[in-house]
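Colleague: Dropping the structure in here first, questions after.
The values are calculated or read from the model by the stated rules, or taken from the named source; none is laboratory data. Just so we're clear, the structure is a prediction, and the values are computed from it rather than from any experiment. All Cβ positions, even for glycine, are placed from backbone atoms using ideal geometry, and neighbour counts span all protein chains on display.
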Amino acid sequence: MPTFEARVDVAHLPGIADPAGATVERSLPALGYTNVSQVHMGKTVRLHVDAPDAASAQLQVEEMCEKLLANPVIESYTVTVSELVA
């Protein structure tokens, strides 16, 4: 069975407070970066999945996102799946 690498990018939904992003945005001017705005922080999850095909791996990872990897009430996510080459 082939192995796929999945990358999940998770971010806050528009309108949801992003305290980590706000902290970074407030701190950057002290480092001389006065031209930066709209800072948003997120997370990336990478994992390997054994599956019969990419579509099956994609579906399984999306289920993981709905159940554990993301909070769909306040976060959005994108899943990218690619087959690992031996």
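Colleague: I'd like the full set of residues that are charged (D, E, K, R) and under 30 Å from GLU83 (Cβ atoms), limited to region 1-57.
Modeller: Within region 1-57, GLU5, ARG7, ASP9, LYS43, ARG46, ASP50, ASP53 meet the criteria.
Colleague: In region 74-86, which residue that is more than 30 Å from SER27 (Cβ to Cβ) and assigned to a loop (DSSP other than H, G, I, E, B) is farthest from the chain's Cα centre (by Cα)?
Modeller: Per the stated criteria, the residue is ALA86.
Matching residues to (1) assigned to a helix (DSSP H, G or I); (2) modelled with pLDDT of 95 or more; (3) under 24 Å from VAL24 (Cβ atoms):
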{"site": "ASN35", "(1), (2), (3)": "no, yes, yes"}
{"site": "THR44", "(1), (2), (3)": "no, yes, yes"}
{"site": "LEU47", "(1), (2), (3)": "no, yes, no"}
{"site": "GLU62", "(1), (2), (3)": "yes, yes, no"}
{"site": "LYS67", "(1), (2), (3)": "yes, yes, no"}
{"site": "PRO72", "(1), (2), (3)": "no, no, no"}
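Colleague: From (1) modelled with pLDDT under 95; (2) over 18 Å from the mean Cα position of the chain (by Cα), pick out the condition that doesn't hold for ALA30.
Modeller: All conditions pass for ALA30, except number (1).
Colleague: So, one more: Name the residue, out of LYS67, LYS43, that is under 14 Å from VAL10 (Cα atoms), surrounded by 11 or more Cβ atoms within 10 Å (Cβ to Cβ), charged (D, E, K, R) and out of contact with any Ser or Thr (no Cβ under 9 Å at 6 or more places or on another chain).
Modeller: LYS43
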